[in-house]
């Protein structure tokens, strides 16, 4: 998941890769792919956007178990 999420956040990927990642089953990945300017697809996330899904931390620094926002409700 962290590798796919890092790729989805990368603004230098192709439109094809960004659009493929929009359909990723992991919300953290698909949300970041939708946010990528190369993506041309739209995806509805409903009320599933928790603080973990929209987290902006870089993948190499993520420590979800120690995150202070981990148990926050949806946005």
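Coordinate-derived values only; no laboratory data. Just so we're clear, the structure is a prediction, and the values are computed from it rather than from any experiment. Virtual Cβ from ideal backbone geometry, glycine too; neighbours counted across all protein chains shown.
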Rounded to the nearest 500, what is the chain's calculated 222 nm mean residue ellipticity when only DSSP H runs of at least 4 contribute -39500 (n - 2.57) each, over all residues? -9000 deg cm²/dmol
Spatial extent of the chain: Rg and Dmax, with the Cα atoms as the point set, Å: 12.1, 35
For residue 47 and residue 64, compute 0.36 nm times the residue count separating them, minus their Cα-Cα distance, and round to one decimal in nm. 4.1 nm
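Suppose a student asked you for the relative contact order of the chain, using Cα pairs under 8 Å spaced at least 6 residues apart; what percent would you report?
Numbers: 95 pairs, mean separation 21.3, N = 75.
Reported as a whole number, the value is 28 percent.
Taking other Cβ within 10 Å of each residue's Cβ, how do 42, 53, 7, 29 sort, fewest first?
42, 53, 7, 29
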